[in-house]
Structure formats: structure tokens, C-alpha cells
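Notes for the one structure printed next.
Every read-out reported here was derived from the displayed coordinates using simple, explicitly stated rules and does not represent laboratory data. Keep in mind that this is a model prediction, so the values were computed, not measured. Note that we place each Cβ from the backbone using ideal geometry, even for glycine, and neighbour counts take in every protein chain shown.
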Amino acid sequence: MNEIKIFSPATVANVSCGFDVLGFCLDTIGDEMVIRKTTEKGIKITKIVGADLPFEAHKNVASVSALALYNHANPDCGFEIEIYKNIKPGSGIGSSSASAAGSVFAINELLGRPYNQTQLTNFAMKGEAVASGCEHADNIAPALFGGFTLVKSTTPLQVLQLPTPEDLFVTIIHPQIEVKTSEARAILPKQIPLQNAITQWSNVGSLVHALHTNDYQLLSQALVDVVVEPYRSQLIPHFDSVKTEVIKAGALGAGISGSGPSIFALSKSKKTAEDVAKAMTTIYAKTAINFNTYVSKINTQGMKILS
Ligand SMILES: Nc1ncnc2c1ncn2[C@@H]1O[C@H](COP(=O)(O)OP(=O)(O)OP(=O)(O)O)[C@@H](O)[C@H]1O
Ligand SMILES: N[C@@H](CCO)C(=O)O
């Protein structure tokens, strides 16, 4: 095989209580990428459609992660990368991760799969670090493994795959203002009060238990973030109203998707997730802010090979 076309999914990191460790993968939103072998050695980005992103190999997260794999594998060919962006950079639904994870997934396929998902996550983290200023894997892991993931540690990298309840649906609203991950990280305090830490780790444990036991009530109680949300929500206009209205519409809970500005909500059925989308839309429709809404099932597969 000399060429591959893939769907590289959007992802939701943090899932309220799990800053930098929890994430899940989306089904209906994602980029497409075409990667092909070349006789000329090295990694080259040859086409970017849908976003204004750098072509320089050391600046684009897709080529930075691809180079990490390439330098390790040292193959006797090169690769060129085409990126078709549907996930807007800075949207908070893993735009940079989709590129960073997509390139290593595709090159691994073209090389005959020498690396496992954990090794691919490690390579992709090198790209993600260019976008956010640090190596975190809470978007990369669900994009590569699918479903819900928990990053137990990054050094050494250990990713746990969590079960996905059958009826769980996600609603996303992306208000089109840009929040850069690096900036949304810079506003966070370096230390947190002990009582907040206790609340947060009790919620992370409960959320993981709720996924294992299909306990939607516990899941709803656990979708709370007392550590990061109080700071970052100030960067997202109408965040509090959206949260209030989506709960009234039947959502189990809602929070900031990744570093924002997207807001996610989880619901127990597609119908509720669609009602939640209407509630979100009603709020932003009254403002001058452009927005997109999406309803998606959780994608348990992760990356998809299109051809
Ligand atoms: N291939 C790429 N795709 C997307 N962003 C890229 C890419 N290459 C470099 N970047 C840079 O990464 C930044 C966007 O990443 P950022 O992490 O801020 O957004 P995000 O991935 O949508 O958010 P989050 O990680 O919170 O989901 C932009 O500055 C963009 O120029
Ligand atoms: N965990 C990361 C995800 C965004 O890339 C953050 O919230 O900063």
C-alpha cells in the first residue's frame, strides 16, 4: 500500500473532572487526511484545506508527530501529508490532536503496523506539545484508542480504555471565538485547595465506576469540575446559561470541552441530545457570536480507514 485516506476524529478532553487524564472520541466530527509514500526521504505537508495552518515541518503538529515516528522507524522512503480540516483549530475538540494522531496512525498503516497504539500515542504527543506547550495525551489517546480513555501516566505512557455505555450521546456547541490551549493553561492556578482536590478525585473515581456499571445517575453526579472550570468558564460567553439550560433539557451534565471554547453535554439518548442541541442553539442565536452544534454517538473505534 502506497497511499491511505483516513478519518481522524474530534475528541473531548477532560470530561469535566478529569483534567489532562480523561477523554472520549466523537463519531460525526473529524478531519480527513491523505498520506502517501514518496521516494524522496523525509516528511512533507503538501496540502492543507479548510484552515490556515503552517506547512513548515517543525510547526505543523501533523509533521512534528510524523517526524518523531519517522526518525524512530528510519524507513527507506518518505511521506507526504494532505490535511482536510473540518475541526477548526482552537475549537477545543481536539483539532491539533486529530492531525498529530492521524499522521502517525496513517504512516504506521503504510509501514505495515510496526507500532502499537501506546507507541503511536507517544509519537503523537510530540506534535500535541507544539500546539499546547506541554505533552498531554487526553485528546490523542481517545483519537487513537476510541471510546473513553484515562491516561494513567505520561512517563511512562499508560493508557486505560474505559467502557462506553450504549445509549450515551454527546452534544457539542462551538462558539466561534478562538481559545488557544496554551493560553487557557496559562490562566490556571499552580496549586489547588485540598477540599477541591478531594471533590475532584472523588468525581473522577465515580465517573470511571459509572462507565463500568452503566450508572447514568452516578455519571451525572460526577460530571463536575471544581478545579479548572471556574477559571476557564470566564473565557466562554454565556457558559453558565448554557449549562443551566442543557440540564433543564435533560442532559446528564455539561462542561468545557478540552480547553474550550466548545461546550459538551452528555445525554442518555439521541432524542435528549438533540433537545440539548436546541437549548444550546437558543442561547447563542440571541448573540452576535457564530456557532456550530453537533450531536454524536461516542466513537468506540477511533481512527477510520476510508480508502
Ligand atoms: N495540523 C494542525 N491542526 C490544528 N492546529 C494546528 C496544526 N498544526 C499546528 N496547529 C496549531 O495548534 C493550535 C491549535 O491547537 P489548540 O490545542 O490550541 O486547539 P484545539 O486542538 O482545537 O484545542 P483542544 O486541544 O483544547 O481540543 C493553533 O495555534 C494552530 O496553529
Ligand atoms: N487537557 C488539556 C486538553 C486541551 O488540549 C487542557 O485542558 O488544557
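Counting every Cα pair in the range 1-153, what percent are over 19 Å apart? Tail fraction, whole percent: 45.
Could you estimate the translational diffusion coefficient of the range 26-82 from the Stokes-Einstein equation, with Rh from the Kirkwood formula over C-alpha pairs, at 20 °C and 1.002 mPa s, in whole µm²/s? Write out the running numbers ahead of the final one.
Working: Rh = 12.1 Å.
In µm²/s, the coefficient rounds to 177.
All Cα-Cα distances of the chain, cut into 20 Å bins from zero to the largest, leave 36, 56, 8 percent in each bin in turn.
Residue-wise HN-Hα couplings along the range 212-224, as the Karplus relation 6.51 cos²θ - 1.76 cosθ + 1.60 with θ = phi - 60° gives them from phi, are 6, 10, 6, 9, 5, 5, 5, 4, 4, 5, 7, 7, 9 Hz; Gly and Pro carry x. Over the chain, dividing the summed -39,500 (n - 2.57) contributions of all DSSP H runs of at least 4 residues by the number of residues returns a 222 nm mean residue ellipticity of -11500 deg cm²/dmol.
Once the Cα atoms of helix 95-110 and of the chain are each reduced to a long axis, what angle between those two axes, in degrees from 0 to 90 to the nearest 10, is obtained? Tilt relative to the chain: about 40 degrees.
Only lysine pairs 8 or more places apart or on separate chains count here, and in the range 169-297 those with Cα atoms under 23 Å apart total 21. Each of D138, D20, D240, D31 was scored by other Cβ atoms within 10 Å of its Cβ. Listed from fewest to most, they are D240, D20, D31, D138. The charge dipole of the range 1-94, taken about its Cα centre with unit charges on the Cβ atoms of Lys, Arg (+1), Asp and Glu (-1) only, comes to about 100 debye. Considering only alpha-carbon pairs that sit under 8 angstrom and 6 or more positions apart, the relative contact order computed for the range 169-297 is 41 percent. What whole-number distance in Å separates the alpha-carbon centres of the range 134-163 and the range 29-65? Centre-to-centre (Cα) distance: 23 Å. The C-alpha atoms of the chain define a longest principal axis, and helix 117-132 lies at about 80 degrees to it. Take every pair of alpha-carbon atoms less than 8 Å apart whose residues are at least six positions apart; their mean separation over the length of the chain yields a relative contact order of 25 percent. Averaging Cα coordinates gives a centre for the range 167-225 and one for the range 249-307; these two points are 15 Å apart. Only alpha carbons enter this Debye calculation for the range 169-297, each as an equal point scatterer, and the log10 of I(q)/I(0) it gives at q = 0.21, 0.22, 0.23 Å⁻¹ is -1.26, -1.33, -1.38.
Measuring r between the beta carbons of T38 and K5 and using R0 = 25 Å, the FRET efficiency lands at 0.95. Computed from Cα positions, the angle between helix 239-248 and the longest principal axis of the chain comes to roughly 70 degrees. Sorted fewest first by neighbouring Cβ atoms within 10 angstrom, M280, M125 come out as M125, M280.
For S103, S296, what's the fewest-to-most ordering of other Cβ within 10 Å of each Cβ?
Details: S103 34, S296 23.
If I rank by nearby Cβ atoms, fewest first, I get S296, S103.
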